[in-house]
Amino acid sequence: MIEPLIDPSRRDLAAEYRTRPFGRHSAALQALLDVMYRAENCQNLILIAIGGGRWVLGERQPDRKPPRLFLDEVFDSLEAGQWAAFRRRWRALAGSELDLP
Amino acid sequence: MSAIAETPGVIGYVDALTARPGERVTVRVSVLHPARRYRAGLVRLICGETGPKGPGLKEEPIATAIDGEHEGREQYTDAGSYAIVERLPPLGSVEIELLVWPGCLGGRVQILMALGRLRLALDESGAAALLAGDGALSAGRRLREKAWHRVEARYDPATGHGFVSSTPLPGFHADRAGEATGALPAGIVPQGPLLFAAERLAPGRTARHFDGKLEAPRLRSGTVAAAWDFAVGIGTRRIAAVASDALDGVTVNAPKRAVTGSLWDGSVQDWRQKPAHYAAIHFHSDDLYDAGWEESLAFRLPEDLRSGFYAVKLEAPSGPPFHVGFIVSPPPGGSGARLAVLASTMTYLAYANYRRRMTPGPYELSMGALPTVDMTDILLAEHPELGGSTYDVHPDGSGIAHASSRRPLFNMRPTGRFWNFSMDLCLIDWLDAAGIAYDVVSDHDLHEQGAALLAPYRAVLSSSHPEYHTLEMLEALQAYLGGGGRFAYLGGNGFYWRVTADPAHPGMIELRRAEDGTRAWAEAPGEYYHATGEYGGLWRRLGRPPNAVFGVGFIAQGFDASSYYRRTAASRDPRAAFLFAGIEDEIIGDFGAWGDGAAGLEIDCYDAALGSPPHALILASSEGHSNSFLLVNEELLSNRRGVDGTTNARIRADMVFFETPSGGAVFATGSIAFIASLAHRGYDNNVARLLRNAVARFLDPTPFAIPRLS
């Protein structure tokens, strides 16, 4: 098992992702995303459309149970939801909040 | 801000995915909302939920007898496959045995054979057990998953004396046998119906289903000696008794036949060559062929109803509506329109009740973005009894090889994931906006009627993702092209997997994901042949690559963003002048409702080695795909680097055109996302112009001339 590592100083990569969550990424950002996507402690996120163009994050559950919905935070776009997931993963893997203006 | 999220309060299904004007449509509805009331109505679907960069949902109400509010109830679904022998002679003291291949063990009781309240089972520990009434006798030795064992039991109702044993069949492992003898409650009279792989609580209600394979069951009681040979009747619902057909039974909920049994040694791969090696049936606790709900609504389609995409829209007092989608085909011979849209109902069915997005795992490593679902998908997750898709696996890890339309289908709707049914509505929306007359026919129509279905049409447009085809469908399309037909393949990853329509189970298809391909699971060794006897897998591997007929074939997929096409010099060839009339742009489709581009999701390219016609013009190719676009694995002999959209030049959608020898022609776009770009800027864009040009020429009866090759 390779322990996932994120360099908390690479906020430039977070900025790149926030600007363009979908599409071509730099090699460094893709490497960071691959770490995030493999990490077992924050792997199972999911975005749920709840109607009216609104989205919430959730977590996929084992044993064929329905996803758990995080209804406390609502996003008005897919991109905003992706960014929230990125921030959660940064916190989990870098050990600190993502401080990005 | 906290949100309230509701799931639909009512679900349903119709009896067939395709109907014709004037035909009766039966709707089976289950009301989950506590009010037990719902509204219903027929709608013609014009455009699906496209997100903010498309026109959005458009539907047109059609007056029918079901309009209005109805009372309803929640309907029960008896999921799980089993076999049943309805009538047995009177039994006394019994001896039973069978061969057992457990798919998954532990944590629950799984019934192997049930004779009323006497049942042979695997208990919570995974050991063979004899259950008599409330008593249980365990052999005490956990079986091994996915290995064959002989399980035997005896029971005397007069004394309650019981015996149960499990013995591993000879192999290279050192599993040990287990057995137990002891007292069980007396007076539990074994009686029919006899069930394999489940027990019956009441007619239509079964429980404690078994996941795994069973073979060669035997029963002795006094003068009664019965045995069943599951190698007989493959391709049917029948299970055959060896000595007397009076003890024949049937399977329920379509367990998998044509599966390897205890004798299979790899010496054959085709079950027809040595049926004795295929004398097993694979049962699953989540198999579902027919939900069997009672009829709730019925109505006759108006005689003058235009063909198209339709839905019975069901709405509970709160929560989102549930659309029961289906296709209305034209009357026999067509409506007079010269253009047909081929709705890919086989593919819709293969994807029906897709649960994979909601299961844990590193989804984004292959998809490049978070999985997305809506509240209707959440409802599906809350109802495992409604079955999965051919992209999901059973509890024992084996792939779901069957897809049936006789249950609620959560993807045949204009909402939710922008994919297949909902994306194909982009084509309908554009045709309506462009004022082009068309009929909509379905894959199911094509399978049943063959090329005659397409005879009235000068041109046929595909859907965005026509992935699954029967041999009959491919033959029909090739015959249509051979007769001078014109075909526009407006999608990606098309004509990819073989499916078969199961004659024993109307409305159900079978899929064997054999050998290779981009796939959610791999077919079990020795089980590459369908129950129909056809060899399964990719049409490419079966010698029918899509490139040879439609010009392009699957090359890559990525689900984060789309890209655009850049025109080639060949787009200025006089043969292609009709396509690019009025288009000066070098870049085609740098916009769209899916991923901001017309080239995306799953993409196809030209490949002469796979039969793409040498005279085909590659008019444009996409470029600039993201890191998430990966070369399909059937292109790789061994794993390697350099297979993503930033590093591999083969990862591109090729737009091609070629003429056929019979005066017909093919235009292919090689991208699922293509039709999601049609509505951009009020339908005034170079993707729409290109398709309009193609359709106009394809409807012109003047034959195309095939060029002389140098």
* In whole Hz, with x marking every Gly and Pro, tabulate ³J(HN,Hα) for segment B:46-56 from phi via Karplus 6.51 cos²θ - 1.76 cosθ + 1.60, θ = phi - 60°. => 10, 8, x, 5, 9, x, x, 9, x, x, x
* Structure fact -> Mean other chain Cβ within 10 Å across B:371-377 is 6
* Cα-based Rg / Dmax (Å) for chain A -> 13.9, 42
* Mind running the shape call on segment B:10-59? Use the C-alpha gyration tensor, a ≥ b ≥ c as the square roots of the eigenvalues: rounded below 1.5 for a/c, prolate if a/b tops b/c, oblate otherwise. => oblate
* **Cα centroid of segment B:131-183 to Cα centroid of segment B:578-630, whole Å** => 61 Å
* Could you check the simple spin-label distance between B:Glu295 and A:Asp76, using points 7 Å along Cα→Cβ, in nm with one decimal? => 5.0 nm
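Given the convex hull of the Cα atoms of chain B, what is a quarter of its surface area in nm²?
33.4 nm²
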* Structure fact -> Amide H contacts under 5 Å for B:Asp290, restricted to residues at least 5 apart in sequence or on another chain and with H modeled in the peptide plane, are B:Asn253
* Length gain on complete extension for the stretch B:Asp700 to B:Glu95, per 0.36 nm per residue less the alpha carbon to alpha carbon distance? -> 210.4 nm
* Any idea what log10 I(q)/I(0) is at q = 0.35 Å⁻¹ for segment B:642-683, Debye with uniform C-alpha scatterers and no solvent? -> -1.07
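What's the FRET efficiency of B:Ala202 with B:Leu365 using the Cβ-Cβ distance as r and R₀ = 41 Å, to the nearest 0.05? Numbers along the way, then the final one.
Details: r = 46 Å, r/R0 = 1.13.
After rounding to 0.05, the efficiency reads 0.35.
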* To do: For segment B:313-323, just list the computed ³J(HN,Hα) in residue order, Karplus coefficients 6.51, -1.76 and 1.60, θ = phi - 60°, integers in Hz, with x standing in for Gly and Pro.
  => 8, 10, 9, 7, x, 8, x, x, x, 10, 9
* Structure fact -> Extension length gain for B:Glu60 and B:Leu636 (0.36 nm per residue less Cα distance), in nm, is 202.7 nm
* All-pairs Cα distance distribution in the protein assembly as shown, expressed in whole percent, bin size 10 Å -> 3, 13, 21, 23, 20, 13, 6, 2, 0, 0
* Structure fact -> Taking 0.36 nm per residue of separation between B:Ser318 and B:Tyr535 and subtracting their Cα-Cα distance, the length gained on full extension comes to 73.4 nm
* If you wrap a convex hull around the Cα atoms of segment B:37-76, how much volume per residue is inside, in Å³? -> 108 Å³
* Whose amide H sits under 5 Å from the amide H of B:Gly140, counting only residues 5 or more places off or on another chain, with H placed in the peptide plane? -> B:Ala128
* What order, most packed first, do the peptides B:460-466, A:93-99, B:386-392, B:15-21 have when packing is the mean number of other Cβ atoms within 10 Å of each residue? -> B:460-466, B:386-392, B:15-21, A:93-99
* Give me a single rounded figure for B:616-626: the average over its residues of other chain Cβ atoms within 10 Å of their Cβ. => 1
* To do: Determine ³J(HN,Hα), in whole Hz, for all residues of segment B:24-29 in sequence, where each value follows from phi through the Karplus function 6.51 cos²θ - 1.76 cosθ + 1.60 and θ = phi - 60°; x replaces Gly and Pro.
  => 7, 10, 9, 10, 10, 10
* Structure fact -> With Cα coordinates, the longest principal axis of chain B makes an angle with the long axis of helix B:471-482, in degrees rounded to 10, of 20 degrees
* **For B:352-365, mean number of other protein chain Cβ atoms within 10 Å** => 5
* Structure fact -> Surrounding charge for B:Arg28, neighbours by C-beta under 13 angstrom, Lys/Arg +1, Asp/Glu -1, total -2
* Asked: Among rounded, prolate and oblate, which fits segment B:112-214 when a ≥ b ≥ c are the square roots of the eigenvalues of its C-alpha gyration tensor, a/c under 1.5 means rounded, and a/b larger than b/c means prolate?
  -> oblate
* **Distance (nanometres) between label positions extended 7 Å along Cα→Cβ at A:Glu97 and B:Arg24** => 6.6 nm
* Asked: If r is the Cβ-Cβ distance from A:Glu40 to B:Ala434 and R0 is 41 Å, what FRET efficiency results, to the nearest 0.05?
  -> 0.25
* Asked: Given the C-alpha centroids of segment A:36-99 and segment B:395-442, what is the distance between them in whole angstrom?
  -> 28 Å
* Asked: What FRET efficiency comes out for the pair B:Asp585/B:Glu385, r = Cβ-Cβ distance, R0 = 51 Å, nearest 0.05?
  -> 0.50
* **Largest to smallest principal axis extent of the C-alpha atoms in segment B:34-128, angstrom** => 67, 36, 25
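Packing-wise, with mean Cβ within 10 Å as the measure, how do A:73-80, A:31-38 rank, highest first?
Listed from highest to lowest mean packing, they are A:31-38, A:73-80.
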* **Radius 13 Å from Cβ of B:Thr646, net charge of other residues (Lys, Arg +1; Asp, Glu -1)** => +1
* **Relative intensity, log₁₀ I(q)/I(0), of segment B:563-710 from a Debye sum that treats every alpha carbon as a point, q = 0.15, 0.19 Å⁻¹** => -0.79, -1.16
* Asked: Out of residues 5 or more away from B:Val259 or on other chains, whose amide H comes under 5 Å of its own, with H placed 1.01 Å from N in the peptide plane?
  -> B:Ala280
* Asked: So, in nm, how far is label B:Ala520 from label B:Ala174 when the simple model puts each one 7 Å beyond its Cα toward the Cβ?
  -> 4.1 nm
* So, in Å, what gap is there between the alpha-carbon centers of segment B:29-96 and segment B:305-321? -> 12 Å
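Rounded, prolate or oblate: which fits segment B:82-283, taking a ≥ b ≥ c as square roots of the Cα gyration tensor eigenvalues, rounded meaning a/c under 1.5, else prolate when a/b beats b/c?
Oblate, because a/c is 1.5 or more while a/b does not exceed b/c.
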* To do: Among the listed pairs A:Lys65/B:Lys146; B:Lys146/B:Lys274; B:Lys256/B:Lys313; A:Lys65/B:Lys58, give every one whose C-alpha distance is greater than 31 Å.
  => B:Lys256/B:Lys313; A:Lys65/B:Lys58
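Read-outs: derived from the displayed coordinates by stated rules, not from any lab. The model shown is predicted, which means the values in this text are computed figures rather than measured ones. Cβ: placed from backbone, ideal geometry, glycine included. Neighbour counts: every protein chain shown.
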